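The values are calculated or read from the model by the stated rules, or taken from the named source; none is laboratory data. Here the structure is a predicted model, which means the values were calculated and not measured. Note: ideal-geometry Cβ built from the backbone for every residue, glycine included; neighbour counts use all protein chains shown.
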Amino acid sequence: MKRMLALDVLRGLTVALMIVVNTPGDWGHVFAPLLHAQWHGFTPTDWVFPTFLFVVGNALSFAVPRYAAQGHGAVLRKALKRNIIIFLLGFLMFWFPFVTQDASGSWGLIPLATTRIPGVLQRIALCSLLATLILNFWGMRGAVLYCVLALLGYWWILLAFGDLTLAGNAPARFDLWLLGPAHLYHGEGVPFDPEGLLGTLPATVNLLAGYFTGRMLLQQGTGVATLRRMVQAGVLLVLLALCWQLVLPLNKKLWTSSYVVLTIGLDLLILALLVYLIEVRGQRGWTYFFEVYGKNTLFIFMLSELAVVVLVRLHVGTLTGYSWLYQQLFQPLAPPQVASLLFALCFMLLCWIVGWQMDKRQWYVKV
């Protein structure tokens, strides 16, 4: 099956934005659109991760039919192998650099008992595996039914087994019961993980929506009629989400059903625009920058995350290497928020250079 450049560009765009929002020079000075909503609400940054799931679904629209022709066993083997590896890579990133030094100067392994289990790659792996199983055994109709039941069922779970607060929400209670507080994210001040296990149910809908869209583009082409359907569906979903959020707030950290519907609607509108510009109008002179990210997505994302860990672990005097670089090279250049953004953009460009060199040598890391 022929790949569509617009899908690769959307994938690369999300990786570039993910790196930028994850690596400001100073978390105390960040432009508001580059921060997640504190709790209820929506910012451009809240669009990035669900869109990454959407483009993973796009990729599945090429892979699943190919393996399905070889039988259920081939689909299961490929899905299990790929997603177990992705899950383990995500877990190992949290465990990295694996060893630590205590107050006495002795070195030892970082305890697995205190290592976070959920995470971005872990959620991608779980959603991808669940979506593949649904598509393989239930088909397209079963996948559509799952989307409806997951969104409505998750809404019911949120209201029936907790509230919509940080302290009392059902996903946090479930993760605490299953995993315990030591394995969860503590950045909110309490043990609560925004990539928790229960949120896998609605997040899989984002991925399946990407699959449906990819199949439609492959089967129906990129003509005006297809783009019109995408725009119409996108507008309807955005309007539905804006109405739904009156009773179920948009919340990325809880991954509420209204949030899922809004982000899918936005993805359809943005992808329709990219397909029109790239596939219909043939405007491809600007696309290579994002293609580089799209060709080695997993590797570049992991590189960006591990580079941050290394810089934070290194010290120059009393400063981490990360803070030292920011204060020495960027802080003197501009006001704090601008300097912080410049750091993030340069960090993103350095990752791009690595991807560019890999593309020149045709080195592509696949799982």
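Summary of values
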| item | result |
| --- | --- |
| Long-range neighbours under 7 Å by Cβ, at least six apart or interchain, first residue β-branched (Val, Ile, Thr) within region 109-128, second assigned to a loop (DSSP other than H, G, I, E, B) | Ile110/Phe98; Ile117/Leu179; Val120/Glu195 |
| In region 149-162, the residues that are out of contact with any Ser or Thr (no Cβ under 9 Å at 6 or more places or on another chain) and either outside any helix (DSSP H, G or I) or within 17 Å of Phe54 (Cα to Cα) (or both) | Phe161, Gly162 |
| Segments classed as helices (runs of 4 or more DSSP H), wholly inside region 279-367, with at least 3 members that are of a type outside the set (Lys, Arg) and over 25 Å from Phe54 (Cα atoms) | 297-313, 321-325, 336-360 |
| Selected residue (criterion: modelled with the highest pLDDT) from residues of region 208-226 that are more than 14 Å from Leu7 (Cβ to Cβ) and of a type in the set (A, V, I, L, M, F, W, C) | Leu208 |
| Matching entry among Ala339, Ala344 (being at pLDDT 95 or above, under 16 Å from Trp27 (Cβ atoms) and either under 22 Å from the mean Cα position of the chain (by Cα) or not hydrophobic (A, V, I, L, M, F, W, C) (or both)) | Ala344 |
| Unique residue being in a helix (DSSP H, G or I) and either on the phi < 0 side of the Ramachandran plot or surrounded by 12 or more Cβ atoms within 10 Å (Cβ to Cβ) (or both) when the list is Leu176, Leu166 | Leu176 |
| Residue tally, condition modelled with pLDDT under 90, loosely packed, with under 14 Cβ neighbours inside 10 Å and either within 15 Å of the chain's Cα centre (by Cα) or basic (Lys, Arg) (or both), over region 75-128 | 1 |
| Residue, farthest from Thr226 (Cα to Cα), within region 272-301, restricted to residues that are crowded, with 19+ Cβ neighbours inside 10 Å and among the aliphatic types (A, V, I, L, M) | Ile300 |
